[in-house]
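Peer 1: One structure, as structure tokens, below. Some questions next.
The values are calculated or read from the model by the stated rules, or taken from the named source; none is laboratory data. Since the structure is predicted, the reported quantities are computational estimates derived from the model, not experimental observations. Here the Cβ positions follow ideal geometry from the backbone for every residue, glycine too, while neighbour counts run over all protein chains shown. SASA here: full protein model, heavy atoms, side chains in, ligands and nucleic acids out. Shrake-Rupley method; radii C 1.70, N 1.55, O 1.52, S 1.80 Å.
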Amino acid sequence: MAPSAPPLLLVLDGNSLLHRAYHAAATGQLVDASGRAVWALKGLVGYAARAAALLRPDALVVGFDCPDYSARKEHYSEYKAHRPEKPADLTDQITAAPALLNATGIATVVPHAYEADDVLASSAAHARRGGWRTVLMTSDRDSFALIDASTSVLRVRNGGFDQAVLVTSAALAETYGVTPSQYRDYAALRGDPSDNLRGVPGFGAATAARLLAAFGSVEQAWAVWDGGDHKAVCAVVGERSGEHFGSAAGRETIDRNRRLMAMRDDLPIPELHTLRLPLSLTVMKRALAGRGIILGPSLWALTGGLPPDAPDPAPLPQQWTRGSRRRRDPLPGQLALF
């Protein structure tokens, strides 16, 4: 008999997915009895439910940005400074999300001074130490740097969950031409307009990928440059880009970007056994209904049920007891995701 796969932790980027759900036209302008907007909250729970139905995780946690203070802004005041003020109804839903999810039984982590990205990184490290696999669900690309043999990224793109893609090391290399260990250098060279981080002049995605394919890392390319072989670097990225790369200003830009893009992997995360599914369907429905969100059958994978169109379950095995989780076969193709 083949050994069973290690257990799977699903980690959601709460802020990223709330923004995605808020702006998704298909979500609709749902409000509760008091007139408070709830469509992004419903969308976030929907993302969790659909991901659970696809992946059948053993445990679930959702990370959020600290709402009060940013260590990254403390180090670099321009970090995300260009972003417009959020609409009030989005801010209200972001503020309400951790308490609502906790009321449903879904664990959340809101770290002081840090972001959901840091929760994803810390959760992946925590799971790895415990011998678990991890899928990180987000609409951002920053978490591509966290991919390894036990960690994949389920990236939600325009079009919602139906357009989500599971990104592995092989998929990242095929799409971007870099490995996960090179991704932070790649992003630092290219810059990240969404976080107001300028890249090195002359470096777009293709140029950054060529440099890393040729030299392996920024440090190794700098070593060649500092050794006097400027032509070797310029032959790969072009003379203008090479001069910017080797300059003091270029090095400062790269160092700043890498420092701000680095994700904390040592934040406290709840013990894995406390994050286990299934949750209580009754508790979930009651908590959601209190905010005017009516969900039921779609929550089956989070609450230990069967798909709505599944046949009647077979008799439970003798050793199954109340409170234990009944394992089911994975969905077709699920094993290929890992």
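Peer 1: Based solely on its DSSP helices, what 222 nm [θ] is calculated for the chain when runs of n ≥ 4 H residues each add -39,500 (n - 2.57) and the sum is averaged over all residues, nearest 500 deg cm²/dmol?
Peer 2: Numbers: 13 runs with 138 residues, N = 338.
Helices in the chain give a 222 nm mean residue ellipticity of -12000 deg cm²/dmol.
Peer 1: With +1 assigned to the C-beta of every Lys and Arg and -1 to the C-beta of every Asp and Glu, and no other charges, what is the dipole magnitude of the chain about the Cα centre in debye, to the nearest 20?
Peer 2: Details: 36 positive and 34 negative charges, 188 e Å.
Once rounded to the nearest 20, the dipole reads 900 debye.
Peer 1: Please calculate how many Å² of accessible area region 71-184 carries per residue, with a 1.4 Å probe and no DNA, RNA or ligand atoms counted.
Peer 2: Value for region 71-184: 44 Å² per residue.
Peer 1: To continue, here is another question. Multiplying the sequence separation of residue 175 and residue 86 by 0.36 nm and subtracting their Cα-Cα distance, what value in nm do you get?
Peer 2: Details: separation 89, 0.36 × 89 = 32.04 nm, distance 3.17 nm.
Once the chain is fully extended between residue 175 and residue 86, it gains 28.9 nm.
Peer 1: Now for a separate question. Over the C-alpha atoms of region 191-304, what are the Rg and the largest Cα-to-Cα span, Dmax, in Å?
Peer 2: 24.2, 69
Peer 1: Among 298-308, 162-172, how do they line up from the highest to the lowest mean number of other beta-carbon atoms within 10 Å?
Peer 2: On the way: 298-308: 17.6, 162-172: 15.4.
The densest-packed peptide leads the list: 298-308, 162-172.
Peer 1: With just the Cα atoms defining each centre, how far is region 242-292 from region 109-171? Give it in Å.
Peer 2: 8 Å
Peer 1: Between residue 71 and residue 306, what is the spin-label point distance in nm, taking each point 7 Å from the Cα along the Cα→C-beta axis?
Peer 2: 4.8 nm
Peer 1: Calculate how many DSSP beta bridges within the chain are antiparallel, expressed in % of all such bridges and rounded to the nearest 5.
Peer 2: Numbers: 9 of 27 bridges.
Just about 35 percent of them are antiparallel.
Peer 1: Report the label-to-label distance for residue 283 and residue 163 in nanometres (one decimal), using points 7 Å from each Cα along the Cα→Cβ vector.
Peer 2: Here the answer is 3.6 nm between the modelled labels.
Peer 1: Another question about this same structure. Taking the Cβ of residue 230 as the center, what net charge do the other residues with Cβ under 13 Å away carry, scoring Lys and Arg +1 and Asp and Glu -1? Kindly include the intermediate steps, with their values, before the conclusion.
Peer 2: Working: positive: 231, 240; negative: 226, 229, 239, 243.
Taking every other residue near residue 230 into account, the sum is -2.
Peer 1: Per residue of region 269-279, what does 6.51 cos²θ - 1.76 cosθ + 1.60 with θ = phi - 60° give for ³J(HN,Hα)? Whole Hz please, x for Gly and Pro, Karplus curve as stated.
Peer 2: For region 269-279, the Karplus curve yields 10, x, 4, 4, 5, 7, 9, 5, 8, x, 9 Hz.
Peer 1: Per residue, how many Å² of accessible area does region 229-291 show with a 1.4 Å probe?
Peer 2: Details: 3480 Å² over 63 residues.
Averaged over the residues of region 229-291, the accessible area is 55 Å².
Peer 1: Only Cα pairs under 8 Å and at least 6 apart count here; give the relative contact order of region 79-216 as a rounded whole percent. Write down the numbers at each step before the final one.
Peer 2: Details: 145 pairs, mean separation 23.2, N = 138.
In percent, rounded to a whole number, it is 17.
Peer 1: Subtracting the Cα-Cα distance from 0.36 nm times the residue separation, let me have the gained length for residue 112 to residue 232 in nm, one decimal.
Peer 2: Values: separation 120, 0.36 × 120 = 43.20 nm, distance 4.48 nm.
Length gained between residue 112 and residue 232: 38.7 nm.
Peer 1: Next question. So, by mean Cβ neighbours within 10 angstrom, what's the order for 108-120, 241-253 with the highest one leading? Spell out each step's value before the answer.
Peer 2: On the way: 108-120: 21.8, 241-253: 17.6.
Descending mean neighbour count gives 108-120, 241-253.
Peer 1: Nearest-5 percent of antiparallel DSSP beta bridges in region 111-200? List each step's numbers first, then the result.
Peer 2: Details: 7 of 12 bridges.
Among the beta bridges of region 111-200, antiparallel pairing accounts for roughly 60 percent.
Peer 1: Still on this model: Apply 1/(1 + (r/R0)^6) to the Cβ-Cβ distance of residue 274 and residue 220, taking R0 = 45 Å, and write down the FRET efficiency to the nearest 0.05. Don't skip to the end; give the middle numbers.
Peer 2: Values: r = 43 Å, r/R0 = 0.95.
Approximately 0.60, to the nearest 0.05.
Peer 1: Shifting gears a bit: Pairs of alpha-carbon atoms within less than 8 angstrom and 6+ residues apart define the contacts here; what relative contact order does the chain have, in percent? Provide the component values of the computation, followed by the final result.
Peer 2: Details: 523 pairs, mean separation 70.4, N = 338.
Relative contact order comes out at 21 percent.
Peer 1: Give the Kirkwood hydrodynamic radius (Å, one decimal) of region 144-222, defined as one over the mean of 1/r across all pairs of different Cα atoms. Mind showing how you got there, number by number?
Peer 2: Numbers: mean 1/r = 0.0748 Å⁻¹.
Across region 144-222, the inverse of the average 1/r is 13.4 Å.
Peer 1: Which of the three applies to the chain, rounded, prolate or oblate, going by the alpha-carbon gyration tensor with a ≥ b ≥ c and a/c under 1.5 meaning rounded? Write down the numbers at each step before the final one.
Peer 2: Working: a/c = 2.43, a/b = 1.63, b/c = 1.49.
Prolate shape, in that a/c is at least 1.5 and a/b is the bigger ratio.
Peer 1: Using mean Cβ contacts within 10 Å as the protection proxy, how do 214-222, 50-58 order, highest first?
Peer 2: Numbers: 214-222: 16.4, 50-58: 20.3.
Sorting 214-222, 50-58 by mean packing, highest first, produces 50-58, 214-222.
Peer 1: Pop out the carbon and sulfur fraction of the accessible area of the chain as a percent, whole number, probe 1.4 Å.
Peer 2: Details: 8840 of 16510 Å².
Within the chain, the accessible surface is 54 percent carbon and sulfur.
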